[in-house]
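Peer 1: For reference, the structure I am asking about is given below.
Nothing in this text is a laboratory measurement; each read-out follows from the coordinates by a stated rule. Note that the coordinates shown come from a computational prediction; the quantities given were computed from them, not determined experimentally. Note that we place each Cβ from the backbone using ideal geometry, even for glycine, and neighbour counts take in every protein chain shown.
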Amino acid sequence: MFSISSYQINAQDIKGSWKGTLNVQGTELPILFHISEKEGVYTTTMDSPSQGATDIPMDKTTYQDGALTITLAQAGIKYVATLKEDKITGTFYQSGYEFPLIMKLEKKE
């Protein structure tokens, strides 16, 4: 029974454009992650439209057994989350601060 459950988690596809909103001191900041995969290697770019930032390449993206981690060391950004059904739920860390961030699939790749 355990292996069936593990298989279902591994079968979930993380690729696509995911959108969520950070609430930073009462200000809502939309965030988009565009996640792609080639030969088992995941890559991500990030958009922060309200800050005029698009296609920011992230340093590292790992996805295994439903667990997702996306980092951009230069900006002190780390997103640690879990994919379940049609949403990613996790915490967005930046420069010592942490914010809950739920992302929903905007566009499948």
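Peer 1: Quantify how much of the Cα-Cα distance distribution of segment 2-107 extends past 17 Å, in percent.
Peer 2: Working: 2839 of 5565 pairs.
Result for the distance tail: 51 percent.
Peer 1: Follow-up question, since we're still on this one. Where nothing but the Cβ of Lys and Arg (+1) and of Asp and Glu (-1) is charged, how large is the charge dipole of segment 2-107 around its Cα centre, in debye to the nearest 20? If you can, show how the numbers build up before the last one.
Peer 2: On the way: 9 positive and 12 negative charges, 12 e Å.
Charge dipole of segment 2-107: 60 debye, to the nearest 20.
Peer 1: Here is a further query. Before anything else, pin down the relative contact order of the chain: Cα pairs under 8 Å, at least 6 apart, normalised by residue count, whole percent. Mind dumping the intermediate values first?
Peer 2: Working: 226 pairs, mean separation 25.8, N = 109.
Over the chain, the number comes to 24 percent.
Peer 1: I need the fraction of alpha carbon pairs in segment 55-109 separated by more than 14 Å, rounded to a whole percent.
Peer 2: On the way: 840 of 1485 pairs.
That fraction is 57 percent.
Peer 1: Follow-up question, since we're still on this one. Would you mind checking segment 30-69 for residues with the amide N under 16 Å from a putative spin-label position 7 Å along Cα→C-beta of GLN12?
Peer 2: 35, 62-69, by backbone N distance to the label point.
Peer 1: Under 10 Å, Cα contacts only: if you run a Gaussian network model on the chain, which one of GLN12, GLN94, GLN51 comes out with the highest mean-square fluctuation?
Peer 2: GLN51
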